[in-house]
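Beneath this line is the structure, given in structure tokens, with notes to follow.
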Amino acid sequence: MNSRHNKSYFYLVLTTILSFYACNIFASAAETTPEIFIFDDRESQGNACARVVIEKIKENQIQGKRTVLGFATGSTPIFFYNAFIRMVKEDSIDLSTTITFNLDEYVGLPPNHSESYAYFMEEHLFCELAYPHYPLGFRREHIFLPQGMAKRYADLSTDEQQALKIQFGCTHVEDSLTSEEENWILQFRADQYESLIDTLGPIDIQILGIGTNGHIGFGEPGSSFTGTTMVVNLTENTRRDNARFFDNNIDFVPYQAITMGIGTILKAKSIILMANGANKAAIIAQTLSSPISEQLPATALRQHSSVSFFLDQYSAENLSLCEQ
Ligand code: GLP
């Protein structure tokens with residue numbers, strides 16, 4: 001390469017680097033305003049949310065496209081699931097090609113544990129709307145949740161056993177996994193979950209709740225806005241909040257979870273954040289008005305072009321600017 005070529009090569013590299021940073025600066029600065037809908041009660045909030053999801057499924061069906069949905073757990077979306085079940089049955093909606101991804105799961109709880117999110121989804125949605133109970137229902141092979149149980153070798157799928165063997169270079173003799181093996185397999189699963197979302201997605205509508213510390217999924221304060229599905233440590237605040245599901249005993253609440261990252265959530269085409277109850281009023285107001293910051297994960301939603309907040313009147317009580 002002569003010196004003239006050297007120079008133009010240098011400028012090419014320089015402009016590429018500069019435009020990369022410019023794009024990122026603009027991307028991180030671009031702020032959008034979520035649409036806000038306020039409802040008298042949880043029932044009308046759940047009905048409205050279910051109607052939006054049903055309309056999207058119908059719209060996609062007319063266009064010959066399948067729908068990909070992102071589901072959440074917690075007490076907030078329960079009325080949504082009730083309404084969704086009712087409307088699907090009333091309108092005989094065909095869900096046989098619809099794909100679902102759940103946001104998160106506790107580490108260490110088997111799917112048959114009453115507080116696992118797999119159990120929650122079964123109880124509140126899939127027991128009613130999965131095939132064959134509902135003949136037009138979700139096919140089991142289209143339902144995806146992160147898997148948080150990896151205590152024993154027997155908890156792993158054949159592919160996972162193979163991957164573990166390749167990684168650790170030996171055949172497993174003990175049934176219980178070491179903590180190093182467990183951590184590795186959980187992150188392996190998290191990476192695979194992300195790839196699956198990329199392959200089958202994008203998610204058309206992601207439903208979210210919100211934690212009192214502003215977490216979405218289990219993306220706790222400090223989570224990167226570009227993070228993908230990962231294993232996370234739960235904060236004391238979240239474990240305390242969720243102790244109500246575990247006999248009010250924080251000691252029973254798992255310390256870790258596998259969750260979509262904030263970056264994963266932001267890849268969805270549209271997002272509906274639901275909140276209800278006065279205990280969410282402060283965090284909802286902060287989410288909408290505080291500076292966008294990784295310390296308040298839900299503020300990441302203000303960098304997405306299609307976000308709606310479905311709030312009951314109590315969670316909206318600290319907002320002065322919102323109208324239904
Ligand atoms: C958990 C879940 C979140 C959920 C939050 C709020 O921490 N990981 O996805 O949004 O709880 O739960 P609730 O709706 O019960 O207030």
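The values are calculated or read from the model by the stated rules, or taken from the named source; none is laboratory data. Because the structure is a prediction, the values reported are computed rather than measured. Cβ: placed from backbone, ideal geometry, glycine included. Neighbour counts: every protein chain shown.
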Original post:
Is it true that residue 287 is more than 23 Å from residue 50 (Cα to Cα) and within 16 Å of the ligand (Cβ to nearest atom)?
Top reply: yes
Subject >> Neighbours by Cβ (under 7 Å, 6+ apart or cross-chain): first from the stretch 243-259, under 27 Å from residue 193 (Cβ atoms); second within 14 Å of the ligand (Cβ to nearest atom) and acidic (Asp, Glu) >> reply: 245/115; 246/115; 257/104; 257/105; 258/104; 258/105; 259/104
Subject >> Number of the exception - residue 236 against (1) of a type in the set (D, E, K, R); (2) under 28 Å from residue 46 (Cα atoms); (3) more than 12 Å from the ligand (Cβ to nearest atom) >> reply: (2)
**OP:** Return the total of residues in the stretch 243-280 being surrounded by fewer than 20 Cβ atoms within 10 Å (Cβ to Cβ), within 13 Å of the ligand (Cβ to nearest atom) and assigned to a helix (DSSP H, G or I).
**Re:** 5
Original post:
Quick one: is residue 227 free of Cβ contacts under 8 Å to residues at least 40 places away in the same chain, away from the ligand (no atom under 13 Å from the Cβ) and within 30 Å of residue 66 (Cα to Cα)?
Top reply: yes
Original post:
Which residues, counting only those in the stretch 196-224, are within 11 Å of the ligand (Cβ to nearest atom) and among the small types (Gly, Ala, Ser)?
Top reply: 209, 211, 214, 217, 219
**OP:** Those residues that are of a type outside the set (A, V, I, L, M, F, W, C) and touching a Ser or Thr at 6+ places or on another chain (Cβ under 8 Å), I need them from the stretch 163-196; list them, please.
**Re:** 165, 191, 193, 194
**OP:** Test residue 40 against the stated conditions and say whether it is more than 19 Å from residue 127 (Cα to Cα) and either surrounded by 14 or more Cβ atoms within 10 Å (Cβ to Cβ) or modelled with pLDDT of 95 or more (or both).
**Re:** yes
**OP:** For the stretch 114-149, enumerate the residues that are touching a residue at least 40 places away in the same chain (Cβ under 8 Å) and of a type in the set (A, V, I, L, M).
**Re:** 121, 125, 129, 136, 143, 145, 149
Original post:
Do you know which residues across the stretch 94-144 are of a type in the set (A, V, I, L, M), assigned to a helix (DSSP H, G or I) and more than 16 Å from the ligand (Cβ to nearest atom)?
Top reply: 129
Original post:
Where residues in the stretch 51-82 are more than 16 Å from the ligand (Cβ to nearest atom) and among the aliphatic types (A, V, I, L, M), which of them is nearest to the chain's Cα centre (by Cα)?
Top reply: 68
Original post:
How many residues does the stretch 114-140 contain that are under 25 Å from residue 182 (Cα atoms) and surrounded by fewer than 16 Cβ atoms within 10 Å (Cβ to Cβ)?
Top reply: 1
**OP:** For the stretch 283-295, enumerate the residues that are closer than 11 Å to residue 318 by Cα and in contact (Cβ under 8 Å) with a residue 60 or more places away in the chain.
**Re:** 283, 284, 286, 288
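Look at the stretch 286-299 and say how many of its residues are within 19 Å of residue 238 (Cα to Cα) and either of a type in the set (Gly, Ala, Ser) or not in a helix (DSSP H, G or I) (or both).
Number satisfying all stated conditions: 5.
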Original post:
Does residue 171 fit the bill of being more than 16 Å from the ligand (Cβ to nearest atom), modelled with pLDDT of 95 or more, of a type outside the set (A, V, I, L, M) and farther than 13 Å from residue 104 by Cα?
Top reply: no
Original post:
Among all residue pairs at least 6 apart or on different chains, which show Cβ distances below 7 Å where the first residue, located in the stretch 75-91, is within 19 Å of residue 312 (Cβ to Cβ) and the second is basic (Lys, Arg)?
Top reply: 79/42
**OP:** Return yes when residue 161 is polar (S, T, N, Q), away from the ligand (no atom under 16 Å from the Cβ) and at pLDDT 95 or above and no when it is not.
**Re:** no
Original post:
Can you pull out the residues in the stretch 281-324 that are of a type in the set (A, V, I, L, M), over 26 Å from residue 227 (Cα atoms) and surrounded by fewer than 21 Cβ atoms within 10 Å (Cβ to Cβ)?
Top reply: 281, 319, 321
**OP:** Being of a type in the set (Ser, Thr, Tyr) and more than 25 Å from residue 210 (Cα to Cα) narrows it down to one of 119, 134, so name that one.
**Re:** 134
